[in-house]
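Accompanying notes for the structure given below.
The values are calculated or read from the model by the stated rules, or taken from the named source; none is laboratory data. No experiment lies behind these values; they were computed from the predicted model shown. When we count neighbours, we look across all protein chains shown, and the Cβ atoms used for this are built from the backbone with ideal geometry, even at glycine.
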There are 2 protein chains.
Amino acid sequence: MAPNSRFAVAVHVLTLIALHKGERLSSREVAGSVATNPVVIRRLLAQLSRAGIVASAHGALGGFTLARPASEITLFDAYRAVEEGGFFALPEKKNDKCPVARRMKTILDGVFARVESKVLPELKRTTLADVARRLPGRA
Amino acid sequence: MAPNSRFAVAVHVLTLIALHKGERLSSREVAGSVATNPVVIRRLLAQLSRAGIVASAHGALGGFTLARPASEITLFDAYRAVEEGGFFALPEKKNDKCPVARRMKTILDGVFARVESKVLPELKRTTLADVARRLPGRA
DNA sequence: GGATTTGAAACTATAATAGTTACATTATGG
DNA sequence: CCATAATGTAACTATTATAGTTTCAAATCC
């Protein structure tokens, strides 16, 4: 997958699993739709599994299912599971002798927090069921 | 500077220039505060210059100034100037034989557009003057 | 017990970006 | 007019993050 498209791929993968309700999807099947390697998909699904969004089964006939109804999984849940940082990054270096540089982090933290306070409710408002509804019955 | 912190550095740099109203700041002086190389700063300021946010002067006593009052420069202006893509990226590959994959881009475009429609007004609301007001008189 | 799958470790490949070096061009001021 | 100092930019290297790959142990089904 492309760099930085983790969230997009997570939504794709979860939607795929949601549309196959009652079945188990293998990482190989999912990888087919995303056009990438099964291990990449398993790594992504491991994050979603640790977050309690999907459940996995080992062995033959193993694979992945949603851990709860698609209507109870929001895009915020997916975002938080696969994307640790915020939307913006702060520089890690600065010149501590400069008064502006010293205060910049605090100021930017405030700006970034205000932005995120607008974004997160929007992501919480949309569920996987909303996304799945826009797709044909099965994949 | 750290990867992906271009917007944060842009705000830092612009604030620094704003606080030195009436003077010209050289890329070397700015680089000192950000703790990076002057060329990196010149590259960033070239983007802000093309966007009409700063003005530059060549030669000895050259350097950078704001192209208009700090109260008329928003963080959105800075964001748009230095960060071409949106907040999320779409994967560039997909399996076109999969109906879900085929429609995913359209769906995600919609989701991303709704998110950005919440973010951009927030960035437009904050001006450089707002940021500078939170800092001591001069650097 | 054979087949199939997840989980994870270890490694390589790739891409984006920061940092560096170098230099032509432009401007100031004595 | 010449020394000085700055931008603008090209070309290159270094770094970092992440995707992709290979491999294999453990789990599970039939």
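Values for this structure:
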quantity	calculated
Of the criteria (1) within 14 Å of another protein chain (Cβ to nearest Cβ); (2) within 16 Å of DNA strand D (Cβ to nearest atom), which one A:H58 fails	(1)
Matching residues in region A:102-116 - criterion: being among the aliphatic types (A, V, I, L, M) and in contact with a Lys or Arg (Cβ under 9 Å, 6 or more places away or on another chain)	A:M104, A:I107, A:V115
Test: residue in region A:128-137 that is at the interface with another protein chain (Cβ under 9 Å from one of its Cβ atoms), more than 19 Å from B:L90 (Cα to Cα) and part of a loop (DSSP other than H, G, I, E, B)	yes
Counted residues, region B:117-127 - those being touching a Ser or Thr at 6+ places or on another chain (Cβ under 8 Å) and part of a helix (DSSP H, G or I)	3
Residues (among the hydrophobic types (A, V, I, L, M, F, W, C) and more than 7 Å from chain A (Cβ to nearest Cβ)) located in region B:95-121	B:F112, B:A113, B:L120
Selection count, region A:1-34, where residues are without any contact (Cβ under 8 Å) to a residue 12 or more places away in the chain and within 8 Å of DNA strand D (Cβ to nearest atom)	4
Flag for B:A2 being within 14 Å of chain A (Cβ to nearest Cβ), modelled with pLDDT of 95 or more and within 20 Å of A:K105 (Cα to Cα)	no
Total residues in region A:53-78, condition more than 7 Å from DNA strand C (Cβ to nearest atom) and either over 13 Å from the mean Cα position of the chain (by Cα) or not charged (D, E, K, R) (or both)	16
Residue among B:R50, B:R42, B:R28 that is away from chain A (no Cβ under 14 Å) and within 12 Å of DNA strand C (Cβ to nearest atom)	B:R42
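Listed here are the residues, each with its yes/no results for (1) over 18 Å from B:A129 (Cα atoms); (2) free of Cβ contacts under 8 Å to residues at least 40 places away in the same chain; (3) near DNA strand D (Cβ under 10 Å from one of its atoms).
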{"site": "B:I41", "(1), (2), (3)": "yes, yes, yes"}
{"site": "B:A46", "(1), (2), (3)": "yes, yes, yes"}
{"site": "B:V54", "(1), (2), (3)": "no, no, yes"}
{"site": "B:R68", "(1), (2), (3)": "no, yes, no"}
{"site": "B:E83", "(1), (2), (3)": "yes, no, no"}
{"site": "B:F87", "(1), (2), (3)": "yes, yes, no"}
